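Undergrad: Structure incoming, see below.
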Amino acid sequence: MIYVLVVLIFVSTVASIQGAQKTTPPKKFIPSEIEQQVANTNYKDVRIFKFPIAMQCWTFRNFSFFDTLKKVKELGIEYLQAFPGQGLGAEMPGAKLDHSMSDEQMKMVKEKLEESGIRLVSYGVCDIGKTEESMRKVFEFAKKMGIRTIVTEPEDDDFTLLEKMVQEYNIQIAIHNHPEPSKYAYPQTVFDHVKGKDDRIGSCADTGHWMRCGLKPVEALRLLEGRILDVHLKDRNDFGTKRTDDVPFGMGKANIHDILAELTLQDFKGCLTVEYEAEKEVQNPTPSVQKGIEYIKSITYYEGYEQILKSYDGHYEKHGWNHYGPGYFELDKKTGVLKSQGGMGLLWYSVKKFKDFVLELDYKCSQDNTNSGIFLRVPEVPTSDDYIYHSFEIQIYDVGEGIHRTAAVYDAEAPSSDAFRRGGEWNHLKIIFKEKHLQVELNGVVVIDWDAEPRGKVKDFASEGYIGLQNHDSIAPVYFKNIYIIDENQIP
C-alpha cells in the first residue's frame, strides 16, 4: 500500500513538472547573464524605429502566389518573402513558385511583382541541400529574382561551403528556428553555428516558434545580437504548443513592444516579416494582419518620419549629404554614427529644402568643451560662410553661457534650463520649426519656445532651407546618429 502511494505521488509530481514546462520558459536555454541584461533594460523609453514590413506568403498559403500579391498590395505592404511550393495561379496551371521555376515562369513572376509595386526580398524556408550543386541552384535562383536573403535550416554543420556561396553571390543566409526536433530550435545553437562566420550568415528569428519552445523572444533576440538578418514576427496567446495559437500583434504574450524596442537598440536593418499561422483564419487572415500592423504603427515612435541618413543593404551611406568648408564627418557604415573631424565646416542635406518640419536626432559630445550645432533653413547652397547670417543654429557647447550654451538658438535666444547630458553620453534633440515659431526639446525637456526674429549675428532668415550639421574641430569631436525628419505635410 505504501509502495503504491509513493509511486502515485512520484507520477503525479512528474506530471505536474511536465505540465508546468508547457507554459514556463525553460531558463536553461538562455544564459543567466542574458536574462539579467534584458531585465535591466528600460524598453519603455526606447524610441522605436520604423522597420520595413514584409509579408511571408505562408500567411496566404491557401491562395495562389498571384492572388497573394493582390492581398498584400491591399494591406499596403511593399516587401515579400516567398515560400517554396505555393501555386503561381490560374495563368500558369500546375506551376509552383520555387527555385526550380523555368525562365518563362520567373519572367511572369517578375512582371506580376512589378505590376503590384511589390519587391521580392527573401525566400524560404527552403532546403538548400549539402552539395555545391544543390546550394548553387538556390543561389542562382535568388540572383535571377533579385532576392537579398535566403531563409533556410542547413543540414550540414560545416558552413564552409555555405560561406563560399554567400561571399560569391553576396546574398545573405538567415537560419530559421523551427521548434524541436529542428536542431536550430534554440538561439544558442544558431549563434554557435554563425559566430565567426561571414556577417551575411545570421538568424531568421521566428518569435512564434521560440514561444512554442517556451522561450521569451526578447531574451532570444538579445542572445543573437548582431546576427539577426530577418525576423518572422508572430504573437501568440501563450507559450507552448497545446491550445495556443497566433493572434494579432499586441494581443498575445510575445511582448511585441519590447521585441521592437530590442531590435531598435540593436539597429536591426532587416524586415519585420509578418507570418500569421492561425489555422482558423487561414481563409481570411487579412483582418487580423491589418489589426497587427496598426498596432505596430501605434508603438513606432518614428512613424511618419523620414530617415535622412539611411542604410542601404545593411550599410549606412551619406547619399544626399554634401560638405562645405574645411574638415569633414567620418561615417561608421555599420552603426550609422557620424564623427566630426577638423573644421569649421558644414555637412548639409542637399536632397530638399524644408519649410515647416520636425527634426529629431541623437548627438554625443566627446568632451564638455565639444563645439557644434545644427543649422536650420540654410537658404541657399553653401558656397561661403555667409549662411551663418541667414539661418539659425541650435548650439551644442556645454561650457558656453546664455545664448552660446547647449540648446540655445545661437546668439539669439538662451535655453530656459540645462537639460544636456555631459560628454560621453548620448542626448536626444527634437526641433520643431513651424512658420516663425521655434521649439527645442532636449532629452524630453522643452528649453526653447520662441517666435523667431533676427537677432545677434542673424540678419534675416528664410521661410525654407537646408538642414546642416556643423563640424568644429578634431580635438573634441561631436557624434550624430538617428537623424529623422517630418516635413510640413505631415506635421500634426
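Undergrad: Search region 323-364 for residues being among the hydroxyl-bearing types (Ser, Thr, Tyr) and over 22 Å from the mean Cα position of the chain (by Cα), and hand back the single one that is surrounded by the most Cβ atoms within 10 Å (Cβ to Cβ). Spell out how you get there, then give the answer.
TA: To start, the set of residues in region 323-364 that are among the hydroxyl-bearing types (Ser, Thr, Tyr) comprises 324, 328, 335, 340, 349-350, 363.
Subset that is over 22 Å from the mean Cα position of the chain (by Cα): 324, 328, 340, 349-350.
Values: TYR324: 16, TYR328: 17, SER340: 27, TYR349: 21, SER350: 15.
Ranking the qualifying residues of region 323-364, first place goes to SER340.
Undergrad: If ILE448 meets every condition in (1) of a type outside the set (Asp, Glu); (2) buried (at least 19 other Cβ atoms within 10 Å of the Cβ); (3) in contact with a Phe, Trp or Tyr (Cβ under 9 Å, 6 or more places away or on another chain) apart from one, which number is that one?
TA: Going through the list (1) of a type outside the set (Asp, Glu); (2) buried (at least 19 other Cβ atoms within 10 Å of the Cβ); (3) in contact with a Phe, Trp or Tyr (Cβ under 9 Å, 6 or more places away or on another chain), ILE448 breaks only (3).
Undergrad: If you don't mind, another one. What residue, among those in region 266-289 that are surrounded by 14 or more Cβ atoms within 10 Å (Cβ to Cβ) and in a helix (DSSP H, G or I), is nearest to the chain's Cα centre (by Cα)? Step through it out loud before you land on a result.
TA: Step one: list which residues in region 266-289 are surrounded by 14 or more Cβ atoms within 10 Å (Cβ to Cβ), which gives 266-278, 281-282, 285-286, 288-289.
Subsequent filtering for residues that are in a helix (DSSP H, G or I) retains 281, 286, 288-289.
Numbers: GLU281: 28, THR286: 23, SER288: 22, VAL289: 19 Å.
Among those residues, the one meeting the criterion is VAL289.
Undergrad: Considering only region 138-158, state which residues are surrounded by 15 or more Cβ atoms within 10 Å (Cβ to Cβ) and under 23 Å from LYS183 (Cβ atoms).
TA: VAL138, PHE139, THR149, ILE150, VAL151, THR152, GLU153, PRO154
Undergrad: Just to be sure before I move on: is LYS183 modelled with pLDDT under 95 and basic (Lys, Arg) in the structure I sent? Explain how you work it out, then say what you get.
TA: Working: modelled with pLDDT under 95: yes; basic (Lys, Arg): yes.
Here the answer is yes, as LYS183 does meet what is asked.
Undergrad: Identify, by number, the condition in (1) touching a Cys at 6+ places or on another chain (Cβ under 6 Å); (2) modelled with pLDDT under 95 that TYR79 doesn't meet.
TA: (2)
Undergrad: Mind listing whichever residues of region 443-492 are within 31 Å of the chain's Cα centre (by Cα) and among the polar types (S, T, N, Q)?
TA: ASN443, GLN470, ASN471, ASN482, ASN489, GLN490
Undergrad: Tell me yes or no: at least one residue of region 147-161 is closer than 21 Å to LEU224 by Cβ and without any contact (Cβ under 8 Å) to a residue 24 or more places away in the chain.
TA: Yes: one or more hits.
Undergrad: For GLY423, indicate whether it is assigned to a loop (DSSP other than H, G, I, E, B), touching a strand residue (DSSP E or B) at 6+ places or on another chain (Cβ under 8 Å), closer than 28 Å to ILE48 by Cβ and modelled with pLDDT under 95. Steps first, answer last, please.
TA: Numbers: assigned to a loop (DSSP other than H, G, I, E, B): yes; touching a strand residue (DSSP E or B) at 6+ places or on another chain (Cβ under 8 Å): yes; closer than 28 Å to ILE48 by Cβ: yes; modelled with pLDDT under 95: yes.
Yes: the conditions hold for GLY423.
Undergrad: The conditions are (1) out of contact with any strand residue (DSSP E or B) (no Cβ under 6 Å at 6 or more places or on another chain); (2) of a type outside the set (Asp, Glu); (3) within 20 Å of GLU275 (Cβ to Cβ), and ARG47 fails exactly one of them. Which is it?
TA: Single failed check for ARG47: (3).
Undergrad: Right, PRO454: in contact with a His (Cβ under 8 Å, 6 or more places away or on another chain), farther than 14 Å from CYS365 by Cα and not basic (Lys, Arg) or not?
TA: It is false that PRO454 is in contact with a His (Cβ under 8 Å, 6 or more places away or on another chain), farther than 14 Å from CYS365 by Cα and not basic (Lys, Arg).
Undergrad: Tell me yes or no: at least one residue of region 474-484 is assigned by TED's automatic domain parsing to the domain that holds LYS333, without any contact (Cβ under 8 Å) to a residue 40 or more places away in the chain and part of a strand (DSSP E or B).
TA: No, that holds for no residue.
Undergrad: Checking LYS96 against (1) surrounded by 13 or more Cβ atoms within 10 Å (Cβ to Cβ); (2) at pLDDT below 95, only one condition comes out false. Which one?
TA: Every condition holds for LYS96 apart from (2).
Undergrad: Does at least one position in region 30-43 carry a residue that is among the hydroxyl-bearing types (Ser, Thr, Tyr), over 29 Å from SER311 (Cβ atoms) and either at pLDDT below 95 or not assigned by TED's automatic domain parsing to the domain that holds ASP206 (or both)?
TA: Here is the first cut: in region 30-43, the ones among the hydroxyl-bearing types (Ser, Thr, Tyr) are 32, 41, 43.
Next, from what is left, pick out any that are over 29 Å from SER311 (Cβ atoms): 32.
After this cut, where a residue has to be either at pLDDT below 95 or not assigned by TED's automatic domain parsing to the domain that holds ASP206 (or both) as well, the list is 32.
Within region 30-43, one or more residues are among the hydroxyl-bearing types (Ser, Thr, Tyr), over 29 Å from SER311 (Cβ atoms) and either at pLDDT below 95 or not assigned by TED's automatic domain parsing to the domain that holds ASP206 (or both).
Undergrad: Only one of these is assigned by TED's automatic domain parsing to the domain that holds LYS280, on the phi < 0 side of the Ramachandran plot and outside any loop (DSSP other than H, G, I, E, B): GLU262, GLU225. Name it.
TA: Criteria check complete, one pass: GLU262.
Undergrad: Residues in region 427-448 that are among the charged types (D, E, K, R), in a strand (DSSP E or B) and out of contact with any His (no Cβ under 9 Å at 6 or more places or on another chain): how many? Can you show your working first?
TA: We begin by selecting, within region 427-448, every residue among the charged types (D, E, K, R); these are 430, 434-436, 441.
Now drop any that are not in a strand (DSSP E or B), which leaves 430, 434, 441.
If we keep only those that are out of contact with any His (no Cβ under 9 Å at 6 or more places or on another chain) as well, we get 430, 434.
Qualifying residue count for the region: 2.
Undergrad: Let me ask something else about it. Could you figure out which of (1) under 18 Å from the mean Cα position of the chain (by Cα); (2) surrounded by fewer than 19 Cβ atoms within 10 Å (Cβ to Cβ) isn't true of LEU229?
TA: It is condition (2) that LEU229 fails.
The values are calculated or read from the model by the stated rules, or taken from the named source; none is laboratory data. Here the structure is a predicted model, which is why all the values come from computation and not from measurement. As a convention, Cβ positions derive from the backbone with ideal geometry for all residues, glycine included, and neighbour counts pool all protein chains shown.
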